[in-house]
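Peer 1: Below you'll find the structure I mean.
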Amino acid sequence: MNDRPTDFVLGIDVGGTKVAVATADLRGRILRQTRIGTEAARGARQTVDRALHTAERLRGETAAATGGRCLGVGAASPGVVHEDRVLLAPNIPGWEDLSLPALLREGLGIDRVAAANDVKAGGLAEARWGALRDADPGIYLNVGTGLAAALIVGGRVLGGAHDAAGEIGYLLRGPADTAGVASGRAPLEEYVSGIGLARRGAELLGGAPTAADLFASTDARVQALVNEALDQLAVHVANLATVLDPQRIAVGGGMMASGRRVLAALEARVREAVPFPPEVVASVFPDDSAVRGALAVILDDVGAGAAARTR
């Protein structure tokens, strides 16, 4: 145990395929971290229960190593998190019915809980410590299981009137898209996200290919499918950049395993279409931006955000 106790915070990020858990000191430096599978098909509650078990273990290990107290928990979740429910989070069955903050308080016995959308949390991490640190405005684009963006203005993530700013997965691709969110659809996400690509790849090839399988395929039909999806994404990113006039766009998420190809598609369209083209770069935290953002959210809540910003 350290001679001087070090208080810390806990962060939990629930994604479509993984749950990341980490502890950090009050300057935002990671102390311990781990991850488990989401196993979304088994439902929401088992994901929460296993996340709580993992978080409790990590909290105990960190307390034993530092001699400090856990001051609070930050959570990053798909969708728009309210006290009694989560909106716009259909990819984990039952997730929208959860009272997530209450479950975290009760499960961990900690009163101070701060929850945020996972992509907004990722954008906050990139703005504070990563690729968007000196960008104003900036855009964090997450292309993974789902699709969303975080808009950074003045170093802060734009929430919007309903905390739904940046939900670009619900954009219509064109006039032929007559079914949108009111019909339970997310047109752009269904077309270009990891889940959307996997579904369309299965329709083309049969079986159950993943987005990674499709990116790696040499089949001309698959290459055309992926290229067209990236071009669709690039059109909407260019339009978003024209509206916001950002200094920089940072791209993260699971599809950045093929980052060179993703960035090339975005850069070409942005250079051609945007009056003042921003930089398009890979995020600094491609694998853990959301859990770092969860830590940033709770650091701000306990009043340690100023120290974390200057680390």
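Peer 1: Just one of (1) surrounded by fewer than 18 Cβ atoms within 10 Å (Cβ to Cβ); (2) under 24 Å from G254 (Cβ atoms); (3) among the polar types (S, T, N, Q) trips up N91, so point out which.
Peer 2: (1)
Peer 1: Looking at the range 215-257, which of its residues are under 23 Å from E126 (Cα atoms), of a type in the set (D, E, K, R) and over 21 Å from the mean Cα position of the chain (by Cα)?
Peer 2: The answer is D245, and nothing else.
Peer 1: Of all residues in the range 233-254, which are over 18 Å from P277 (Cα atoms) and either at pLDDT 95 or above or surrounded by fewer than 20 Cβ atoms within 10 Å (Cβ to Cβ) (or both)?
Peer 2: Here is the first cut: in the range 233-254, the ones over 18 Å from P277 (Cα atoms) are 252-254.
Hit for the range 233-254 is G252, nothing else.
Peer 1: (1) assigned to a helix (DSSP H, G or I); (2) without any contact (Cβ under 8 Å) to a residue 60 or more places away in the chain: which one isn't true of G293, the others all being true?
Peer 2: (2)
Peer 1: Please specify each residue of the range 36-62 satisfying the condition of being touching a Phe, Trp or Tyr at 6+ places or on another chain (Cβ under 8 Å) and small (G, A, S).
Peer 2: Selection gives A44 alone.
Peer 1: Any chance you could count how many residues in the range 11-50 are over 17 Å from the mean Cα position of the chain (by Cα), surrounded by 18 or more Cβ atoms within 10 Å (Cβ to Cβ) and under 25 Å from A65 (Cβ atoms)?
Peer 2: Matching residues across the range 11-50 total 6.
Peer 1: Looking at the range 99-139, which of its residues are out of contact with any Leu (no Cβ under 8 Å at 6 or more places or on another chain), surrounded by fewer than 22 Cβ atoms within 10 Å (Cβ to Cβ) and within 15 Å of L52 (Cβ to Cβ)?
Peer 2: Passing the criteria: S99, P101, A102, R105, E106, G109.
Peer 1: Among the candidates V284, V226, V251, which residue alone is part of a loop (DSSP other than H, G, I, E, B) and in contact with a Phe, Trp or Tyr (Cβ under 9 Å, 6 or more places away or on another chain)? Even if it seems obvious, please write down each step before you answer.
Peer 2: Working: V226 fails: part of a loop (DSSP other than H, G, I, E, B); V251 fails: part of a loop (DSSP other than H, G, I, E, B).
Going through V284, V226, V251 in turn, the sole match is V284.
Peer 1: Given the residues S217, S289, which is the only one that is within 20 Å of A198 (Cα to Cα) and hydroxyl-bearing (S, T, Y)? I'd like the intermediate steps shown before the answer.
Peer 2: Details: S289 fails: within 20 Å of A198 (Cα to Cα).
Result: S217 is the single residue among S217, S289 that is within 20 Å of A198 (Cα to Cα) and hydroxyl-bearing (S, T, Y).
Peer 1: Condition test on G123, is it of a type in the set (G, A, S) and outside any helix (DSSP H, G or I)? Steps first, answer last, please.
Peer 2: Values: of a type in the set (G, A, S): yes; outside any helix (DSSP H, G or I): no.
Judged against the criteria, G123 is not a match.
The values are calculated or read from the model by the stated rules, or taken from the named source; none is laboratory data. Keep in mind it's a predicted model, so treat the numbers as computed, not measured. With ideal geometry, Cβ positions are generated from the backbone for all residues, glycine too; neighbour counts draw on all protein chains shown.
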